[in-house]
1. If you go through the range 231-288, how many residues are over 26 Å from Leu121 (Cβ atoms) and either in contact with a Cys (Cβ under 6 Å, 6 or more places away or on another chain) or not aromatic (Phe, Trp, Tyr) (or both)?
2. So which of Glu305, Glu256 ends up being free of Cβ contacts under 8 Å to residues at least 12 places away in the same chain and closer than 27 Å to Arg240 by Cα?
3. Tell me yes or no: at least one residue of the range 51-64 is open to solvent by 70 Å² or more (accessible area, probe 1.4 Å), outside any loop (DSSP other than H, G, I, E, B) and not basic (Lys, Arg).
4. Being open to solvent by less than 30 Å² (accessible area, probe 1.4 Å), more than 24 Å from Arg199 (Cα to Cα) and part of a helix (DSSP H, G or I) is the filter here; which residues of the range 258-289 pass it?
5. Can you say whether Ile211 is assigned to a helix (DSSP H, G or I), within 15 Å of the chain's Cα centre (by Cα) and modelled with pLDDT under 95, as far as the supplied structure shows?
6. So, in the range 287-319, of the ones that are at pLDDT below 55 and either touching a Phe, Trp or Tyr at 6+ places or on another chain (Cβ under 7 Å) or among the small types (Gly, Ala, Ser) (or both), which residue ends up farthest from Glu191 (Cα to Cα)?
7. How many residues does the range 75-107 contain that are charged (D, E, K, R), closer than 18 Å to Leu29 by Cβ, in contact (Cβ under 8 Å) with a residue 24 or more places away in the chain and out of contact with any Leu (no Cβ under 7 Å at 6 or more places or on another chain)?
8. Being in a helix (DSSP H, G or I), over 30 Å from Ala22 (Cα atoms) and at pLDDT 90 or above: is that true of Leu120 here?
Amino acid sequence: MSIPAHSTASLQLRPTRLWFAASYLLATLREEFFAHWRGAARGFDLDEVHDLRVASRRLREGLALFAPLLPGKKVARLSRRVKRLTTLLGELRNIDEALLFFSGLEPEETSGCRAEREELLRSLSKEREITREGLSGTLAGVGAGKLQKELGGLAKRLNPFQEREAPGFDPFTEVGLFAEGAFAERVELVEELFPAALREEDTVAQHRLRIAFKKLRYRLEILAPLLEDGGEELRRLLKRYQDLLGKLHDLDVFAEMAEQRLAPGTGRDELLQLLAAHRGALFAGFAQTSREQPLEPLTRRVSLELRLPHQPSPAGTRP
């Protein structure tokens with residue numbers, strides 16, 4: 001499983017200034033990303049591909065979070081390069097998840113579309129090999145060493161005394177004050193998108209909310225060393241929502257795969273109806289979670305903790 005940034009043994013970051021905390025947290029994200037890069041390149045195992053994809057997204061979120069401290073053009077260019085890898089990993093991940101889903105259907109579920117399911121599985125298996133070869137070539141072409149060097153070079157740009165591209169931005173501000181505003185930014189987007197996503201037919205809103213949840217969760221994980229419990233309770237709830245919305249999106253992708261790869265007919269229609277039934281059950285779980293486990297109490301608690309000024313440790317103890 002992917003290791004969140006806050007699992008790394010951290011410094012006592014809360015009393016530090018923003019430029020120092022940013023340097024440490026970006027280094028942690030960079031190390032995580034390249035550790036999973038090496039793991040995925042060994043054989044493109046499903047879990048390794050997933051972990052590298054998550055690490056790439058978390059790294060991009062870290063670059064976005066600390067962009068005011070860094071040269072804008074360089075950050076944008078590096079983020080685009082990492083996103084290119086994220087997209088290719090997403091293609092392989094979608095095929096892997098589709099193979100798992102369709103191969104795992106019960107015989108009684110597919111009695112009217114068995115031939116179509118087998119045809120789809122054969123098609124996806126061939127596509128996986130082609131996609132895997134393409135990704136292998138891309139990893140070699142991107143060059144881990146060069147990218148690692150360029151990302152590492154960002155640390156030199158965190159000199160707090162250099163001129164800023166964002167006028168008025170203070171690298172000496174207490175990191176908690178910066179973090180509270182950055183966290184609130186992601187929370188507000190989730191709250192804005194939530195009402196529309198509760199309409200079952202609005203798949204576009206659910207897709208947008210899924211992405212917003214990812215960014216909020218990754219931002220929380222990056223900022224977790226500033227929190228007493230690492231934000232663990234909120235992280236678990238965000239993951240619950242993200243998993244539900246992710247599975248809803250997967251079923252939408254699987255339906256597109258079936259429509260594109262299978263000839264029209266009764267078997268394809270039955271397979272699509274089966275996917276729709278699975279989606280309806282998942283959406284009911286999402287709606288129930290929204291009623292029973294609201295986000296607001298936990299996001300408010302995290303915001304308050306970040307906003308509070310750091311309390312110095314008692315004399316004679318380590319901070």
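The values are calculated or read from the model by the stated rules, or taken from the named source; none is laboratory data. All values reported here derive from a predicted model rather than from experimental measurement. Note that each Cβ is placed from the backbone with ideal geometry, even for glycine, and that neighbours are counted across all protein chains shown. To get the accessible areas, we keep the full protein, side chains included, count just its heavy atoms, and leave off ligands, DNA and RNA. Shrake-Rupley method; radii C 1.70, N 1.55, O 1.52, S 1.80 Å.
1. 15
2. Selected residue: Glu256, the only one of Glu305, Glu256 that is free of Cβ contacts under 8 Å to residues at least 12 places away in the same chain and closer than 27 Å to Arg240 by Cα.
3. no
4. Ala258, Gly267
5. Against the criterion (assigned to a helix (DSSP H, G or I), within 15 Å of the chain's Cα centre (by Cα) and modelled with pLDDT under 95), Ile211 does not qualify.
6. Gly316
7. 2
8. Details: in a helix (DSSP H, G or I): yes; over 30 Å from Ala22 (Cα atoms): yes; at pLDDT 90 or above: yes.
In short, yes.
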